[in-house]
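Note sheet for the following structure.
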Amino acid sequence: MTDSILIVGGGFAGLTAAIECASTGARAIVVERDAVVGGRLAAAMTQESSVGDSVDGVTIPKLSALADAENIEIFTLSNLQSIDGRPGNFSVEIRERARFVTDACTLCNHCRPVCPVVRPNEHDAGLSYRKAIYTPLAESLPQEFVIDIESCLNTPPNYLPCNRCTEVCDDDAIHFDVALDQLHQRQVGAVVLATGFATFDGARHHGYGTHPDVVTAAEMERLLTAPGPTGGFAAKPSNEDYPNSVLYIVDDPTPFAVYTAASQIERLIAQDVSRIALLVTNQPRNDMRAALQQQLPSGLTINYGILKKVEARADDSITVSYADFSSSRIPEEQYDMVVLNSAVGPARSLDELAQVADVELSETGYIATPDATNPHTTSRPGVYVAGGAEGPTTLAETAVHAQAAAAAALAHIDERLLIGDAVVPGRDAAAPAAPPDSASDVQARIERALYAMLDSA
Ligand code: SF4
Ligand code: SF4
């Protein structure tokens, strides 16, 4: 028997599951593909985060507390290679790719300006740029810089070797003469798959690319997240002015799209954006329209119709026209920003992970959960799933799933091996897992109105 649980995915779901395990005295081993943990919420997990300790009413762990936790082991730039054995006694193999920067890195930032390679920063939804040597956030876990070896000029086939970063690093923290990857073996009692879901550029039609202020919901989320490229304000990418009017186009009103739009609109209202509209492609019953509109906060309207055109105007605003369902008109309206709902789908390489973990996928490509009464169980005993790996989930749902998956996983380890006084980052061990607070009133009203509209369509 072992005292350890393996958690694949270091985003909010994985870290919440890790904290649940750690709070009982178990050892949580977190495997994350990215160079840092935290996923979409990494910026909110920093001490300096302007969003405080919670997002949408859900408590967010702090990276510093995770770093201090003795019984949470984190592998970044890593993949699960194999799982052998049975529940209670799995042997797992983890492949860790080289970072090329050691923990001697003092974050002095001398290397970044001299690096000639510029790439869109995927941690900022591509809204800012990074170098080949970089740190995604000012505060991250791990802290030290990382080299994106795929784009570094020092990588074969390359005939112009570059050592600009090593030449300016006074702390001797950069080393290219290291193994490209290392294998680690661990014994674990159970596995939690918590890779989250992915947002795609599926929304990149409807005028995307014709104007910098036509953005996807994923990009708007980044703008609204501090420390994001605009400090958490919905500044327009074109000129960093604050928008007076914003249109959301929700052409695929899934529960996740509704939740995202409602959550972002609540924050835009708090930032004094005076005119916000939603254009949805579902037609409610005519007798419901007035009632639905009454439920909305002032300044927010819902239009129902088929989008016809999104076009940049000479004065830098954006013209949107749509075929209104309730009339034969095609209204034209002007907005400062347009937000397109992002398509969501299974995380990159979830199918590979499913193969390695020997679990089945559902028809939609997420991890299948065949037992409807235990939605965190997969087709393989001892392997559980949490959060967006089983389908798009809200933050509150993710927190509940992660806690349930961790509780199920903990049943496979030997209680006698647990640490007595466990370090419990971001959670009071004496208290049961607190259910997430309800979302704010404004967000809840918007969501209620949209769901009522979908029901009445
Ligand atoms: S120059 Fe060296 S110590 Fe400074 S940030 Fe870069 S890698 Fe770290
Ligand atoms: S060696 Fe690579 S990371 Fe360093 S400066 Fe050159 S391109 Fe950038």
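Taking the condition of being at pLDDT 75 or above and either more than 26 Å from ASN374 (Cα to Cα) or buried (at least 21 other Cβ atoms within 10 Å of the Cβ) (or both), how many residues in the stretch 411-442 meet it?
Matching residues across the stretch 411-442 total 2.
Out of the residues in the stretch 1-32 meeting the condition of being assigned to a helix (DSSP H, G or I) and of a type in the set (A, V, I, L, M), tell me which one is nearest to the chain's Cα centre (by Cα). Spell out the reasoning first.
Within the stretch 1-32, the subset assigned to a helix (DSSP H, G or I) is 12-23.
Filter once more, so that each one left must be of a type in the set (A, V, I, L, M): 13, 15, 17-19, 22.
On the way: ALA13: 10, LEU15: 12, ALA17: 15, ALA18: 17, ILE19: 18, ALA22: 22 Å.
Only one residue fits best here, namely ALA13.
Does VAL114 qualify as being aliphatic (A, V, I, L, M) and within 16 Å of ligand 2 (Cβ to nearest atom)? Outline the logic, then answer.
Details: aliphatic (A, V, I, L, M): yes; within 16 Å of ligand 2 (Cβ to nearest atom): yes.
Yes.
ALA396 is checked against (1) out of contact with any helix residue (DSSP H, G or I) (no Cβ under 8 Å at 6 or more places or on another chain); (2) at pLDDT 90 or above; (3) crowded, with 17+ Cβ neighbours inside 10 Å and fails just one. What number does that condition carry?
If we test ALA396 against (1) out of contact with any helix residue (DSSP H, G or I) (no Cβ under 8 Å at 6 or more places or on another chain); (2) at pLDDT 90 or above; (3) crowded, with 17+ Cβ neighbours inside 10 Å, just (2) comes out false.
Please specify each residue of the stretch 86-120 satisfying the condition of being surrounded by fewer than 13 Cβ atoms within 10 Å (Cβ to Cβ) and β-branched (Val, Ile, Thr).
VAL118
Anything in the stretch 109-143 that is at pLDDT below 80 and either away from ligand 1 (no atom under 16 Å from the Cβ) or over 23 Å from ARG40 (Cβ atoms) (or both)? List them, or say none.
GLU122, HIS123, ASP124, ALA125, GLY126, LEU127, SER128, listed by residue number.
Would you be able to say whether some residue in the stretch 222-234 is outside the structural domain of ILE60 (by TED's automatic domain parsing) and outside any loop (DSSP other than H, G, I, E, B)?
So the first thing to find is which residues in the stretch 222-234 are outside the structural domain of ILE60 (by TED's automatic domain parsing), and the list is 222-234.
Narrowing the set further to residues that are outside any loop (DSSP other than H, G, I, E, B) leaves 222-223.
Within the stretch 222-234 (the criterion being outside the structural domain of ILE60 (by TED's automatic domain parsing) and outside any loop (DSSP other than H, G, I, E, B)), the answer is yes, since at least one residue qualifies.
Based on what the data block shows, is ASP148 more than 16 Å from ligand 1 (Cβ to nearest atom), surrounded by 13 or more Cβ atoms within 10 Å (Cβ to Cβ) and over 24 Å from ALA28 (Cα atoms)?
Working: more than 16 Å from ligand 1 (Cβ to nearest atom): no; surrounded by 13 or more Cβ atoms within 10 Å (Cβ to Cβ): yes; over 24 Å from ALA28 (Cα atoms): yes.
No, not satisfied.
Which one is nearest to ligand 1 (Cβ to nearest atom) among residues in the stretch 60-108 that are of a type in the set (S, T, N, Q) and in a strand (DSSP E or B)?
From the stretch 60-108, those of a type in the set (S, T, N, Q) are 64, 71, 76, 78-79, 81-82, 89, 91, 102, 106; that's our starting set.
Going one step further and asking which of them are in a strand (DSSP E or B), we end up with 78-79, 81-82, 89, 91.
Working: SER78: 20, ASN79: 24, GLN81: 28, SER82: 33, ASN89: 40, SER91: 35 Å.
Per the stated criteria, the residue is SER78.
Name the single residue that is farthest from ALA98 (Cα to Cα) among those in the stretch 168-183 being modelled with pLDDT of 95 or more and exposed (fewer than 13 other Cβ atoms within 10 Å of the Cβ).
ASP170
Would the stretch 229-240 turn up any residue that is under 30 Å from PHE75 (Cβ atoms), out of contact with any Cys (no Cβ under 6 Å at 6 or more places or on another chain), modelled with pLDDT under 80 and buried (at least 21 other Cβ atoms within 10 Å of the Cβ)?
Among the residues of the stretch 229-240, not one is under 30 Å from PHE75 (Cβ atoms), out of contact with any Cys (no Cβ under 6 Å at 6 or more places or on another chain), modelled with pLDDT under 80 and buried (at least 21 other Cβ atoms within 10 Å of the Cβ), which makes the answer no.
The values are calculated or read from the model by the stated rules, or taken from the named source; none is laboratory data. Since we're looking at a predicted model, the values are computed, not measured. Note: ideal-geometry Cβ built from the backbone for every residue, glycine included; neighbour counts use all protein chains shown.
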